[in-house]
Every structure is written in C-alpha cells, then in structure tokens.
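Here the structure comes first, spelled out in structure tokens, and everything after it is commentary.
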Amino acid sequence: MEKFNWMSTLTVNLWILRTVGIWPGKNKSYESKWYTLYFIFNATLLIGVQNFTQIINIFFVYTDLEALAGTCFILATNFLGLAKMLIFVRNLRSIHNILEILDSDEAQPKSTEQIKLVQPSLKRWKMSYFVFMSYVSSNLLLWLLVPLLSEGYQLPLVSWYPFSVEKSPNYEIVFMYQVFSFTYISAANINVDAFFYALLMFIWAQCDILCDNLSHLDGDPAQFNQKLINCVKHHAKIVRFAKKSNSLIDMIILGQFATSTMALALTMFQLSLVETVNQEALVSLLYIMGIMIQLFIYCWFGTEVEIKSSKIPYAVYVSQWYDQPLNAKKNMLILSQRCQRPIQITAINLFALSLNTFINIIRTAWSYFVVLYNVHQYNLDGTVDEFKKKLEECVNHHKEIVRFANSSNSVFNIILGQLMTSTMVLALTLFQLSLVESFVSQETLPHFCYLTGISMELFFYCWFGNEVEIKSSGMPFALYKSNWCQQPLSVQKSMLIMSLRCQDPITISALNLFPLSLRNFVTILRTAWSYFAR
C-alpha cells in the first residue's frame with residue numbers, strides 16, 4: 001500500500017509559513033543565508049519597529065485609561081505573535097523530529113478503511129483553518145478600511161512617531177507601513193496557530209487508527225501477539241508525539257491564555273465606553289469574536305485529543321482477547337491499564353486545553369472587564385440625607401429589576417423547547433454533514449450555515465442569560481465600593497440588608513430547571529455531539 005502523506009493536508013499552511021520566513025522547507029534549520037536575512041528583516045522592521053512605536057506611545061497616554069486600553073490589547077497580541085514565531089523558529093529541528101513520527105510504519109494507515117477513518121479529522125482541521133483565516137482576513141480588511149472612512153488623518157494602529165503623520169506624504173507612508181506590518185503579523189500568527197492545531201489533530205487521528213487496530217485484533221496466538229506488539233509500539237509513539245508537541249506549545253498556550261484574557265477584557269471595556277454603534281465598535285466586536293474563535297479552536301482540539309485517547313481501553317476490550325492464551329490477556333491488561341489515563345495537552349501542567357478552560361477564561365476576562373468598568377461607575381456619596389435618598393432610589397431600582405426579571409422569566413419558559421429542538425437539530429445536521437463525501441460541495445455549505453445559525457441562536461440566548469447573572473452578581477461589590485464607611489450605623493445596616501439580598505444573582509431559566517448560561521451552552525453542544533456520535 002502506498003505511503004500516506006500526512007503533510008499534504010497542510011500544503012497552504014506551510015506555503016504561507018514559508019512566505020513569512022519561518023519555514024525553510026524540509027531543512028531542519030536555516031541553511032540559506034538569504035532566507036535567514038529575509039526572516040530577520042521582516043521580524044525587525046515589520047514587528048519590532050511597530051511594537052517599539054506602540055510602547056513609546058504608552059508613555060504619552062498612560063493617564064488616559066481608554067487610550068491605554070486601546071494600545072495595550074493590540075501590543076499584547078503583537079508581542080504574542082512575535083513570541084510564537086521565535087519559538088517556532090527556535091524549535092524547527094524538534095518540529096521536524098515530531099513530524100518524522102508520522103512517517104513511521106506504526107503511524108501509517110493500514111488499509112483504505114483507515115484512510116477513510118482519518119479523513120473526517122483532516123477535513124475538520126481544514127474547515128477550522130479556512131474559516132478562521134477567512135474571518136481574520138475580513139476583520140483585518142475592515143480594520144484597515146475604517147481609518148480611511150473616518151475624518152482626519154487616522155491610522156489603523158495608534159502609535160508614536162518622531163514626525164508628524166498629519167500631513168502628506170508622511171501619513172500615506174506610515175499608513176502603508178502599518179498595513180504591511182499588521183498583515184504580516186496576522187498571517188504569521190494565524191498560520192503558526194493552525195500548524196499547532198494540526199499537531200493536535202494528528203494526535204487524535206493516530207488514536208483513531210490505534211483504536212481500529214486494537215478492535216480488530218484476531219488470529220492465532222502468534223499473529224495476535226505480533227499485532228498486539230505493533231499496537232503497543234504505536235501507542236508509545238502516540239504518547240511520545242503528544243509529549244513532544246505539548247513541550248513545544250505549552251508556553252505558547254500559557255501566553256495565549258493570558259493574552260486572550262487581557263485582550264478580551266480591554267476590548268470589552270472599550271466597547272462599554274461607546275455611546276452609539278459606530279465603525280470602531282464594530283471593529284472591536286469583531287476582534288473579540290476573533291480572539292474567542294482562536295482560543296476556542298485550541299480548547300476544542302485539546303478536548304478532542306482527550307476524548308479520542310480515552311476510547312483506547314474500550315477498543316482493547318472489543319477485540320477478541322477472550323480467545324487468546326493467558327499471557328496475551330495479561331499483556332492486554334497491562335496496555336489497558338496504561339491507557340486508562342487519557343492524553344491531555346496542558347500549559348506547563350497547570351491549565352488543560354479543554355472546553356471547560358475556555359469557559360473559565362471567558363469568565364476571568366469578564367471579571368477583569370467588570371473591575372475596569374466599575375472604575376467609571378457611579379459611586380454613592382454626599383451628606384447623610386443625600387446618601388439615604390440615593391440608597392432608597394437604588395433599593396427601589398433593584399426591586400423593579402427583580403420584578404422585571406421575574407416577569408420576563410415566566411415568558412422564557414418556552415426556551416425549554418428551544419433547548420431540546422436545538423440539541424436534536426444540531427445532532428441531525430452534524431450527521432448529515434458526516435455523510436457528505438466531499439467537503440467542498442453544494443450540499444456542505446447549506447448544512448454548515450444552518451449549523452452555524454442554530455449554534456448562534458442558542459449561543460445568544462445563553463450568552464445574554466449569562467450576562468444577566470454576571471451583571472447582577474456585581475451589585476454587592478458596587479455597594480462595597482460606595483462611601484458606606486462614613487455613614488451612620490443605621491444606614492450601614494440598611495446597606496448590609498441590601499447587600500445580602502443581592503448575594504443571590506438573577507438567573508433566567510427554563511421552568512426553573514435549565515439556567516441560560518454559557519456552561520449550559522457547552523452542555524447542549526456536548527449532548528448534541530453525543531447523539532451524533534451514537
């Protein structure tokens with residue numbers, strides 16, 4: 001059987017990496033001096049200089065929280081992109097050694113059926129890659145067009161330059177420089193991430209092949225034992241591939257988590273300061289979605305690795321072990337015990353790549369945003385009488401909010417039907433997509449758009465319900481921030497009563513059974529996936 005080329009799936013990805021200067025091809029190092037100079041020139045001029053101008057700009061705007069937030073979240077993203085490139089270049093030899101494992105006999109599909117078995121995994125990576133790249137490209141285009149549609153000499157990125165950019169031709173030169181700089185760092189960032197996504201995808205594809213080999217173990221004791229030995233070697237190589245991949249990307253994942261949390265918080269803070277929906281608000285919103293997509297794919301692929309590797313013990317069980325001698329059974333028991341612990345991709349053994357981590361990052365970013373937002377919020381202050389009057393207004397306002405929420409909640413009981421219908425429709429649509437032979441076909445696009453629409457409809461319900469709960473849970477903290485310590489005891493008691501009443505956040509639920517929250521959104525997706533997998 002002809003050798004399967006795993007890297008053919010990454011043709012576009014590797015071509016772009018080579019174009020930006022961080023993939024010398026089959027060479028394990030930068031042997032060409034010209035290619036090395038090409039990378040150094042791009043990294044220094046297009047990334048280093050741009051980051052330097054933004055750092056200098058911080059010293060001029062650090063007293064303005066809004067301007068500081070607008071500079072920091074872009075700067076953090078650019079620094080993370082540069083760090084990814086340097087880590088990638090530094091570990092080129094390790095990357096090639098990791099990919100050589102895929103060319104070993106154990107990692108090769110043994111039949112046409114196994115080639116078909118891994119095709120959905122390859123298609124899933126392609127779909128994620130092209131969707132993510134298309135989204136970021138359109139977002140980048142909008143980001144660069146907004147300054148042109150605005151009045152005055154505005155630039156895509158707020159930076160400091162030792163000359164005036166509000167006159168020609170300085171403005172045009174700086175604008176084109178920022179276009180090339182931001183396009184370069186975006187292309188490098190996307191494709192380095194996509195390459196690491198592919199490593200995770202290869203791990204779970206190898207787990208699929210191993211499960212298929214284990215479940216079809218048969219034959220006489222000699223043949224069975226030889227096949228079992230091959231499976232043990234294959235599992236050892238999968239574990240080695242996963243460990244090497246994890247050691248390669250663990251610092252990147254940690255930086256991605258930290259940067260995404262900060263960028264989400266700062267961008268949401270900027271959105272909260274926008275009084276009317278305008279072009280800048282749209283760009284910020286699209287940036288938030290891009291960060292979430294980037295982070296979600298990492299966590300999704302990490303979850304897939306854990307799920308696929310957890311199926312290996314079951315594959316051992318469904319083989320024909322019961323017809324084998326005691327020695328073979330003992331070997332299978334040892335293999336099964338070793339596989340009880342699923343493969344998990346982590347950031348320095350602290351944060352696992354999983355959907356639960358994704359939700360926790362979103363919550364943490366929201367918490368940081370609330371802290372920033374509260375800096376601009378109204379604080380209770382004034383004389384005792386004024387304080388009492390304002391407190392009374394706040395108590396009445398809270399009562400109206402609770403009354404409004406309870407009335408609205410009675411209407412939202414119909415959401416139970418939405419949750420059940422969405423779960424069923426997602427499972428059926430995924431099943432229809434799995435039956436499509438070619439990813440690029442007329443049947444795929446309608447199903448994919450319908451699947452996205454159902455997910456977005458459900459996500460908005462859960463997101464807005466989650467917002468209600470988070471916003472209402474911030475009321476006790478707002479009370480604590482007020483000038484309560486300078487008020488008489490009677491007023492402090494009143495505030496304590498209100499604080500205790502606000503400890504229970506407002507929750508929107510369906511029949512008081514299923515709260516509208518992001519956690520339940522993930523639960524619904526998991527349930528739909530379980531129905532589809534069956």
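The values are calculated or read from the model by the stated rules, or taken from the named source; none is laboratory data. Model, not experiment: these values are computed from the prediction. Cβ: placed from backbone, ideal geometry, glycine included. Neighbour counts: every protein chain shown. Areas reflect the complete protein model, heavy atoms only, side chains present, ligands, DNA and RNA absent. Shrake-Rupley method; radii C 1.70, N 1.55, O 1.52, S 1.80 Å.
Each of 343, 459, 432 was scored by the projection of its Cα onto the charge dipole of the chain, and the greatest displacement toward the positive side belongs to 343; charges sit on the C-beta of Lys, Arg, Asp and Glu.
Sequence gap at least 6, Cα distance under 8 Å: using those rules, report the relative contact order of region 114-226 to the nearest whole percent. List each step's numbers first, then the result.
Working: 43 pairs, mean separation 41.4, N = 113.
37 percent.
I'd like the Kirkwood hydrodynamic radius of region 98-162, using the inverse of the mean 1/r over distinct C-alpha pairs, in Å.
Working: mean 1/r = 0.0616 Å⁻¹.
Answer for region 98-162: a Kirkwood hydrodynamic radius of 16.2 Å.
Could you provide, to the nearest whole Å², the per residue accessible area of region 233-375 with probe 1.4 Å?
Numbers: 6810 Å² over 143 residues.
Here the per-residue accessible area is 48 Å².
With all protein chains kept in place, the per residue accessible area of region 47-200 amounts to 45 square angstrom at a probe of 1.4 angstrom.
Longer than 21 Å from Cα to Cα, which of 84/311; 389/471; 123/308; 244/308; 3/308; 110/237 are they? Say none if no pair is.
Numbers: 84/311 32 Å; 389/471 23 Å; 123/308 16 Å; 244/308 18 Å; 3/308 24 Å; 110/237 16 Å.
Violating the 21 Å limit, Cα to Cα: 84/311; 389/471; 3/308.
For a straight C-alpha distance cut-off of 20 angstrom, the aspartates and glutamates reachable from residue 390 (same-chain residues fewer than eight places away being disregarded) are 381, 400. Evaluated with a Cβ-only charge set (Lys, Arg +1; Asp, Glu -1), the chain carries a dipole of roughly 1520 debye about its Cα centre, given to the nearest 20. In the chain, the longest principal axis of the Cα atoms and the axis of helix 112-149 are about 30 degrees apart. Overall, the anisotropy analysis places region 216-292 in the prolate class: the square-rooted eigenvalues a ≥ b ≥ c of its C-alpha gyration tensor yield a/c not less than 1.5, with a/b exceeding b/c. Overall dimensions of region 453-532, expressed as equivalent-ellipsoid semi-axes from the Cα gyration tensor (√(5λ), whole Å, largest first), are 38, 11, 8.
Taking N as the number of residues in region 161-238, what is its alpha-carbon radius of gyration divided by 2.2 N^0.38 Å?
Details: Rg = 26.9 Å, N = 78, 2.2 N^0.38 = 11.5 Å.
Ratio of Cα Rg to 2.2 N^0.38 Å: 2.33.
Can you give me the relative contact order of region 1-102 as a percent, contacts being Cα pairs under 8 Å and 6 or more apart?
Values: 41 pairs, mean separation 29.0, N = 102.
This gives 28 percent for region 1-102.
The angle separating the long axis of helix 444-473 from the principal Cα axis of greatest extent in the chain is about 40 degrees.
Give me P(r) over the chain, computed from all C-alpha to C-alpha distances, binned every 10 Å, as integer percentages. Here the calculated profile for the chain is 3, 15, 22, 23, 18, 11, 5, 2, 0, 0.
Computed over region 138-204, the convex hull of the alpha-carbon atoms projects to a mean area of 5.5 nm². Taking the protein heavy atoms of the chain in the context of the full set of protein chains, the accessible area attributed to carbon and sulfur is 63 percent at 1.4 Å. Dipole orientation for the chain: of the candidates 25, 510, 266, 25 has the Cα lying most toward the positive pole (charges on Cβ; Lys, Arg +1; Asp, Glu -1). What base-10 log of the normalised intensity I(q)/I(0) is obtained for region 319-362 from the Debye formula, alpha carbons as equal point scatterers, at q = 0.14 Å⁻¹? The computed values of log10 I(q)/I(0) come out as -0.54.
Restricting to Cα atoms and excluding each atom paired with itself, what does the Kirkwood estimate give for region 60-125 in Å? Present the calculation step by step, with values, prior to reporting the outcome.
On the way: mean 1/r = 0.0619 Å⁻¹.
One decimal place: 16.2 Å for the Kirkwood radius.
Geometric descriptor of region 162-319, per residue, is 153 Å³ (volume of the convex hull of the Cα atoms).
Compactness of region 289-429 is given as radius of gyration and Dmax, 26.7, 89 Å, from Cα positions.
Relative contact order for the chain: what is it in percent, counting Cα pairs under 8 Å that are at least 6 residues apart? Could the numbers behind the result be given before it?
Values: 512 pairs, mean separation 76.7, N = 534.
Over the chain, the number comes to 14 percent.
A 1.4 Å probe, protein heavy atoms only, puts the accessible area of residue 330 near 110 Å².
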